[in-house]
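Below is one structure, written out as structure tokens; the observations come after it.
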Amino acid sequence: MSTKQEVETIKEVMNSNDEEAQKNIEKFNQHNVFSMDFLGAVGSGKTLLIEELIKRTNKKIGVFAGDQDSAFDAGRFDDYDVPVIGLSTGMSCHLDSYLVEDALDDMPLDDLDWVIIENVGNIVCPTGFKLGTHARVVIVSVTEGDDIVEKHPPTIEAGDVIIINKIDVADAVEVDVNKMVEDAQKINPDAIVIPTSLKTGENIDKVIEALENLSKQ
Ligand code: MG
Ligand code: ZN
């Protein structure tokens, strides 16, 4: 159990993180950049989705790679002509708005349409830390089990777009994709829920359409 003092300290940390996040979103606005935070477990498809967006859209995209495999992930972007900045969290299981703020000056915002922040591979902890982005994209995969959505309401509630990835292997892992979609819609009726296979390309066009629509708002 937490003491009252510990609870107060946690509240202060969260409040100051939110204030800093507000500054980040203002900075994105000043430069006419639409920013997104990609949130999901290790292996859910965050990096692959970013690669597909770089390849398939005409948006000029900058990437903050916060995943703890960022050295590895950042290398995956070498083939594309996009700015990629690794955010090192040390041992931490989430990014926060201060880490993003520190790195924002190194990102050539005036040359970009979109900035995507790949959060640390963790479906739980990053949820509570706003980074100061315009939208959050939550990615889960069917290999995490068809109860992964219903078990994580706060994360699902935080998403503007919820992607249920790897539907090409749903039968093999005996997962009901419809159940996952329904769970997500029940928890977050405002979210756009899209089942995808980033590997085969199924429904990537729908993801792009959803993100482009959000970026126009
Ligand atoms: Mg990754
Ligand atoms: Zn954490």
query: Within straight cross-link reach of residue 151, meaning Cα distance under 19 Å, which aspartates and glutamates are found once same-chain residues fewer than 8 apart are removed?
result: 160, 174, 176, 182, 183, 190
- request: Name the most mobile residue of 205, 171, 113, meaning the one with the largest mean-square fluctuation, in a Gaussian network model of the chain with Cα contacts below 10 Å.
  value: 171
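Roughly how large, in nm² to one decimal, is the mean projection of the convex hull of the alpha-carbon atoms in segment 105-208?
Averaged projected area of segment 105-208's Cα convex hull equals 7.4 nm².
Efficiency by 1/(1 + (r/R0)^6): what FRET value for residue 81 and residue 169, r their Cβ-Cβ distance, R0 = 35 Å, to the nearest 0.05? If you can, show how the numbers build up before the last one.
Values: r = 32 Å, r/R0 = 0.91.
In this case the efficiency is close to 0.65.
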statement: Expected vector for segment 172-182, Karplus 3J(HN,Hα) from phi with 6.51, -1.76, 1.60 and θ = phi - 60°, integer Hz, x for Gly and Pro, equals 4, 9, 6, 10, 8, 4, 4, 4, 5, 5, 5
query: Given 145, 135, 99, which one lies farthest toward the positive end of the charge dipole of segment 85-145, if we put +1 on the Cβ of every Lys and Arg and -1 on the Cβ of every Asp and Glu?
result: 145
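Can you classify segment 31-121 as rounded, prolate or oblate using the Cα gyration tensor, where a ≥ b ≥ c are the square roots of its eigenvalues, rounded means a/c under 1.5, and otherwise it's prolate if a/b beats b/c and oblate if not?
In terms of gyration-tensor shape, oblate.
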field: Order by protection proxy (mean Cβ within 10 Å, highest first), peptides 134-142, 57-65, 42-50, 12-20
entry: 134-142, 42-50, 57-65, 12-20
- prompt: Starting at 0 and stepping by 5 Å, how many percent of the alpha carbon pairs of segment 138-197 end up in each bin?
  reply: 4, 24, 36, 23, 10, 3, 0
Relative contact order computed over the chain (Cα-Cα under 8 Å; 6+ residues apart), in percent: 23
task: Excluding residue 133 itself, calculate the net charge of residues whose Cβ lies under 10 Å from the Cβ of residue 133, where each Lys or Arg counts +1 and each Asp or Glu counts -1.
output: 0
message: For the pair residue 205/residue 3, report the inter-label distance in nm, with labels modelled 7 Å from Cα in the Cβ direction.
response: 6.1
- request: Give the cross-link partners of residue 27 among the lysines, using a straight C-alpha distance below 21 Å as the criterion and excluding same-chain residues fewer than 8 apart.
  value: 59, 60, 130, 216
Ratio Rg/Rh [Cα only; Rh per Kirkwood] for the chain: 0.96
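Taking the Cα centre of the chain as origin, sum charge times position over the Cβ atoms of Lys and Arg (+1) and Asp and Glu (-1), and report the length of that vector in debye to the nearest 20.
Values: 19 positive and 42 negative charges, 47 e Å.
Roughly 220 debye, rounded to the nearest 20.
Since every read-out is calculated from the coordinates, none of them should be taken as a lab result. The structure displayed is predicted, hence computed values, not measured ones. So basically every Cβ, Gly included, is an ideal-geometry build from the backbone, and we count neighbours across all protein chains shown.
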